[in-house]
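The next block holds one structure in the form of structure tokens; read it before the comments.
The values are calculated or read from the model by the stated rules, or taken from the named source; none is laboratory data. As the structure is a prediction and not an experimental result, all values here were calculated from the model. Note: ideal-geometry Cβ built from the backbone for every residue, glycine included; neighbour counts use all protein chains shown.
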């Protein structure tokens, strides 16, 4: 068997390694020495404690974000009536003609 990769060493460290990898680690002095250094490095990493969050944490986040959010403005009612009036026929010729007429009728300069 070839020497153990870092991934195989990591599997052994987290007790997920194959029996073949574990047997090789016991038999191979070079891999054993390499694994000892690898294990010392991983053992030196101390996990951070997850902070405790109160029941109002979500509300606190929204309060902090609120000043950065752009307010939602509803679309004016007049822009939506065309869509309903045309009933999805904009792709057809009659829909395009009707759409042009509506734009002319709706424009402030049309009279």
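Could you tell me whether residue 53 is within 37 Å of the chain's Cα centre (by Cα) and more than 17 Å from residue 5 (Cβ to Cβ)? I'd like the intermediate steps shown before the answer.
Working: within 37 Å of the chain's Cα centre (by Cα): yes; more than 17 Å from residue 5 (Cβ to Cβ): yes.
Judged against the criteria, residue 53 is a match.
Regarding residue 72, is this residue touching a helix residue (DSSP H, G or I) at 6+ places or on another chain (Cβ under 6 Å) and either free of Cβ contacts under 8 Å to residues at least 60 places away in the same chain or surrounded by 10 or more Cβ atoms within 10 Å (Cβ to Cβ) (or both)?
Here the answer is no, as residue 72 does not meet what is asked.
Can you say whether residue 13 is modelled with pLDDT of 90 or more and touching a helix residue (DSSP H, G or I) at 6+ places or on another chain (Cβ under 9 Å), as far as the supplied structure shows?
Values: modelled with pLDDT of 90 or more: yes; touching a helix residue (DSSP H, G or I) at 6+ places or on another chain (Cβ under 9 Å): yes.
Considered against the rule, which asks whether it is modelled with pLDDT of 90 or more and touching a helix residue (DSSP H, G or I) at 6+ places or on another chain (Cβ under 9 Å), residue 13 comes out as yes.
What tally of residues in segment 8-25 results from selecting those that are assigned to a helix (DSSP H, G or I) and surrounded by 10 or more Cβ atoms within 10 Å (Cβ to Cβ)?
Selection size over segment 8-25: 12.
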